[in-house]
Amino acid sequence: MKRIFIGNNARTLLFIFVVVLAVRLLITFQTPSFSTSESYFTLRQVENIKENGLPIYNDAISYSGRQLIFLPFFYYLVSMLTFFLPTIAAAKILVNIISACTIFPVYLITKKLTSDRKVALFTAFASGFIPLYFSLTINSISPTVLFVPLMLLFIYFFMDLEKKKSLYFLILAFFVILISSTSVIIIVIGMLLYMLLAKLEHLNQRREEAEVILFLTFVTFWLMFLLFKDVFLFHGISFIWRNIPDTLLNKFFVSLNVAELIVKIGIIPFIYGLYIIYKYVFRSKDKNIYLLISFTLSILIMIWLKLLEFNLGVILLSILLTIMFGRGFKLTLNYLARTKFSKYENLVILLLFFIFLFNSVWPAFTYSIDEVGNSFTPAEIEAYKWLQSNTNNQSIVIASTAEGHLITYYGKRKNVIDSNFILVPNINQRYEDIDQLYRAFSLTEAINLITKYKANYILVSPRAKEEFNTTELKYVEDPCFNLTYNNQIKIYQSLCEIK
């Protein structure tokens, strides 16, 4: 690997990394908050690790008390940086460093496929500004951020498996994925599909490849069952959809839409990627390309069957197609070299660079600005902090799903619902009750629902109004409710109950 990063190529690749990271940090620090509520679940775990050395597995305030099951490595990784920087700043910096590092495995894989450093550098640059990936990872914290570059490193080391050192690096990358993200199952399915395609196409698959795939598959399913057996037993087959309420499923698992895919991936990687898939499925054979195709097809199938969250699936597709663009671009340059236009190679690269600026870089920038614009505002955060200072320690607060983690992070109070649905019984009924509470006309019905969850406060915000399709609570003028906070967000105290 040392021979790859030498001379001008190393400096150019480092320059691309610095540019991508600088743009990311410039945008993300436009706001002091994050764009997703899950980021605040991460912050709670990180701060608890920093203070006590362990994450929170028995959460006394989420859903008014529940058990949590998750893989902890990513939270430990973020917590390490918080010893040197404030928690939020550390999280923003680390997440964007990890995301920007995606260009390195993209460069390595493309270099492996094309043996052309110029094409590999160009592809690395393109991967740094994939619109959906750039925007969704710029201002949120989740283990997915770590999964993406590690998956690409795994693919590279698998391609380079004839070297003994690559086997050690591959196992190390896979082990880190295994203790940080349940998305590891994507790698397993992709590798099994690769074995199948290699067999069907009579590719010369080395014995070591099959042994590695079968070993890692066994380890993954054994460890997943060991760690998540309670989840499997509790939810049954619905564990695949993370126990998400039926009403919200379509927000997480969206049907495939070709036009939307083109916009979020970029038209050039999309077209080149499809061409490479067609060429190597029907006309040519290349084991490394088949490996990428196997991952691409497995992700497409999982999205189509609604087994994989849409945004994560499209992020992975966009990166894989961008890498295949590198192979297609190399074929284009080879063709030009055989024509009288060979002297215009640099001009073609420059033209394509400007096309990427308008087709990928600019959309990535605008989507990111929109994403940052959706961050939790200072007024919202002030309302959540108000709960900590002005309510009883045992108070229970009803809010939207999007605000549940902020109630627990800033308000330090119990919520009734948040976006972590695993191991929550009767989640559909709970979500329907909260939806009905926000849209109810009857005072008796509202008090019944509040009493059912032993809640003391109900928070009315623009996010709650949007999620539950309402304007204002219809029953709060009654003396049973007291408006205790009113500044863009309203917080009502419930003073009555039905026994």
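The values are calculated or read from the model by the stated rules, or taken from the named source; none is laboratory data. Computed from a predicted structure; not experimentally measured. Cβ sites come from the backbone with ideal geometry, for glycine too, and all protein chains shown count toward neighbours.
Annotations
Here is a yes/no grid of residues against (1) over 20 Å from Gly128 (Cβ atoms); (2) among the small types (Gly, Ala, Ser); (3) over 18 Å from the mean Cα position of the chain (by Cα):
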{"site": "Phe17", "(1), (2), (3)": "no, no, yes"}
{"site": "Phe34", "(1), (2), (3)": "yes, no, no"}
{"site": "Asn48", "(1), (2), (3)": "yes, no, yes"}
{"site": "Glu51", "(1), (2), (3)": "yes, no, yes"}
{"site": "Phe74", "(1), (2), (3)": "yes, no, no"}
{"site": "Pro86", "(1), (2), (3)": "yes, no, yes"}
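- Qualifying residue in the stretch 351-362 (condition: part of a helix (DSSP H, G or I), farther than 27 Å from Leu152 by Cβ and not assigned by TED's automatic domain parsing to the domain that holds Gln436): yes
- Subset tally (residues that are out of contact with any Pro (no Cβ under 7 Å at 6 or more places or on another chain) and closer than 21 Å to Val176 by Cβ) for the stretch 55-67: 1
- Condition check for Thr114: touching a Gly at 6+ places or on another chain (Cβ under 8 Å), touching a residue at least 40 places away in the same chain (Cβ under 8 Å), crowded, with 23+ Cβ neighbours inside 10 Å and of a type outside the set (A, V, I, L, M): no
For (1) of a type in the set (S, T, N, Q); (2) within 28 Å of Leu223 (Cα to Cα); (3) surrounded by 19 or more Cβ atoms within 10 Å (Cβ to Cβ), each residue gets a yes or a no:
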site: Thr12; (1), (2), (3): yes, no, no
site: Val19; (1), (2), (3): no, no, no
site: Arg24; (1), (2), (3): no, no, yes
site: Pro32; (1), (2), (3): no, no, no
site: Thr36; (1), (2), (3): yes, no, yes
site: Arg44; (1), (2), (3): no, yes, yes
site: Asn58; (1), (2), (3): yes, yes, no
site: Tyr75; (1), (2), (3): no, yes, yes
site: Phe83; (1), (2), (3): no, no, no
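- Filter pass, Ile97 being modelled with pLDDT of 95 or more, buried (at least 23 other Cβ atoms within 10 Å of the Cβ) and among the aliphatic types (A, V, I, L, M): no
- Scanning the stretch 23-43 for residues being farther than 23 Å from Lys118 by Cβ and in a helix (DSSP H, G or I) gives a total of 11.
- Selection status of Ile187, in contact with a Lys or Arg (Cβ under 7 Å, 6 or more places away or on another chain) and buried (at least 21 other Cβ atoms within 10 Å of the Cβ): no
A quick yes/no check of all residues on (1) closer than 27 Å to Leu227 by Cα; (2) buried (at least 21 other Cβ atoms within 10 Å of the Cβ); (3) modelled with pLDDT of 90 or more:
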| site | (1), (2), (3) |
| --- | --- |
| Ala124 | no, yes, yes |
| Thr144 | yes, yes, no |
| Met151 | yes, yes, yes |
| Asp160 | no, no, no |
| Ser166 | no, no, no |
| Phe174 | yes, yes, yes |
| Ser180 | yes, yes, yes |
| Leu197 | no, no, no |
| Arg206 | no, no, no |
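- Filtered by the rule that a residue be free of Cβ contacts under 8 Å to residues at least 24 places away in the same chain and not polar (S, T, N, Q), the stretch 32-54 gives Glu51, Gly53, Leu54.
- Residue tally, condition outside any helix (DSSP H, G or I) and either free of Cβ contacts under 8 Å to residues at least 60 places away in the same chain or assigned by TED's automatic domain parsing to the domain that holds Glu38 (or both), over the stretch 381-424: 3
- Looking across the stretch 305-337, the residues that are more than 18 Å from the chain's Cα centre (by Cα) and over 17 Å from Phe270 (Cα atoms) come down to Leu305, Leu333, Asn334, Tyr335, Leu336, Ala337.
- Helices (runs of 4 or more DSSP H) wholly inside the stretch 74-161 containing at least 2 residues that are farther than 21 Å from Lys264 by Cβ and of a type outside the set (Lys, Arg): 87-100, 103-114, 117-127, 144-159
- The stretch 369-399 - residue that is touching a strand residue (DSSP E or B) at 6+ places or on another chain (Cβ under 8 Å) and small (Gly, Ala, Ser) and, of those, surrounded by the fewest Cβ atoms within 10 Å (Cβ to Cβ): Ala379
- Residues (under 18 Å from Ala455 (Cβ atoms) and either outside the structural domain of Pro462 (by TED's automatic domain parsing) or touching a residue at least 60 places away in the same chain (Cβ under 8 Å) (or both)) located in the stretch 474-489: Thr484, Tyr485, Ile489
- Within the stretch 189-207, residues that are farther than 20 Å from Phe282 by Cα reach partners that are small (Gly, Ala, Ser) and assigned to a helix (DSSP H, G or I) with beta carbons closer than 8 Å, at six or more positions or on different chains, in the pairs Ile189/Ser298; Met191/Ser294.
- Being of a type in the set (D, E, K, R), modelled with pLDDT of 90 or more and out of contact with any helix residue (DSSP H, G or I) (no Cβ under 7 Å at 6 or more places or on another chain) holds for only one residue in Lys499, Lys474, Lys465, and it is Lys465.
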